[in-house]
Amino acid sequence: MLVGTFIFTFGGWNWVPPLLVFFISATLLTRWSRRRSPELFQENWEERGRGLNQVLANGGGGIILSILTFLNILEPHLVFVGFLGALAGTAADTWSTEIGVSLGGRPHLLFSRKLVAPGTSGGVTSAGLWGAFAGSLVITLVGLILFISGGLNWFIVFSSTLAILVAGFFGSLLDSALGVWVQVKRYCDYCLKDTEKPIHYCGYQTRIVRGLPMVNNNVVNFFCSLASAVVAMGILKLFS
């Protein structure tokens, strides 16, 4: 409600459909993942729960971009493409996680063949990568419909949709890369499990094994969302 209100107020009505498509698809995918792999879902839920901080991390970039277009700091279409790129990156990451955990089997770290537990940040599978592409594609198609209905010429439509699709998939890969190299990883000596929480669900205090203490999953998501927006706007500028 908070993110949607800000984006509608500062961005306008055409900023809302992509947000709704992301929200509905993410909700349905999460429910499907829960039903398909209930034990695995429960085990990883503490890492994947979507509380206020998680929602703001995924939608904060959109709020910033909507304010930029409201203040008319940058060209409106450029900022809108950036917003769709940010949303495509978020959707790609969400689809990759849910599909990868449910269908991908045992993931390995990006740029490495080291196997990790399903749901581990930075872990990828073939199914997850296809899920990332599909998530980015869905938001891109919503943008395509909006561009065509807005009467834009074919070249702008083509360059805009390509920018969104590439930026979304890039955002998902960047999320995995940062999950491996930068994101904090902790270990629970009581449960003998990896986690990202200072206090594990068992109540035991965890210890840092790698990564930066202040860079958790929400920080990575927020950064990747903004990075996807910058990539989308950069690609569009290259075509202009």
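The values are calculated or read from the model by the stated rules, or taken from the named source; none is laboratory data. Remember, predicted model here, so these are calculated numbers, not experimental data. Virtual Cβ from ideal backbone geometry, glycine too; neighbours counted across all protein chains shown.
The residue of the range 65-81 that is surrounded by the most Cβ atoms within 10 Å (Cβ to Cβ), among those that are within 16 Å of Phe6 (Cβ to Cβ) and not hydrophobic (A, V, I, L, M, F, W, C), is Ser66.
Yes/no matrix, rows are residues, columns are (1) exposed (fewer than 14 other Cβ atoms within 10 Å of the Cβ); (2) at pLDDT below 85; (3) touching a Lys or Arg at 6+ places or on another chain (Cβ under 9 Å):
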residue: Phe10; (1), (2), (3): no, no, no
residue: Trp13; (1), (2), (3): yes, no, no
residue: Val16; (1), (2), (3): yes, no, no
residue: Leu20; (1), (2), (3): yes, no, no
residue: Leu28; (1), (2), (3): yes, no, no
residue: Ser37; (1), (2), (3): no, yes, no
residue: Phe41; (1), (2), (3): no, yes, yes
residue: Gly49; (1), (2), (3): yes, yes, no
residue: Gly60; (1), (2), (3): no, no, no
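Is there a residue being under 24 Å from Ala127 (Cα atoms) and at pLDDT 85 or above anywhere in the range 203-218? Within the range 203-218, one or more residues are under 24 Å from Ala127 (Cα atoms) and at pLDDT 85 or above. Is there a residue in the range 99-112 that is at pLDDT 85 or above and among the aliphatic types (A, V, I, L, M)? Yes: one or more hits.
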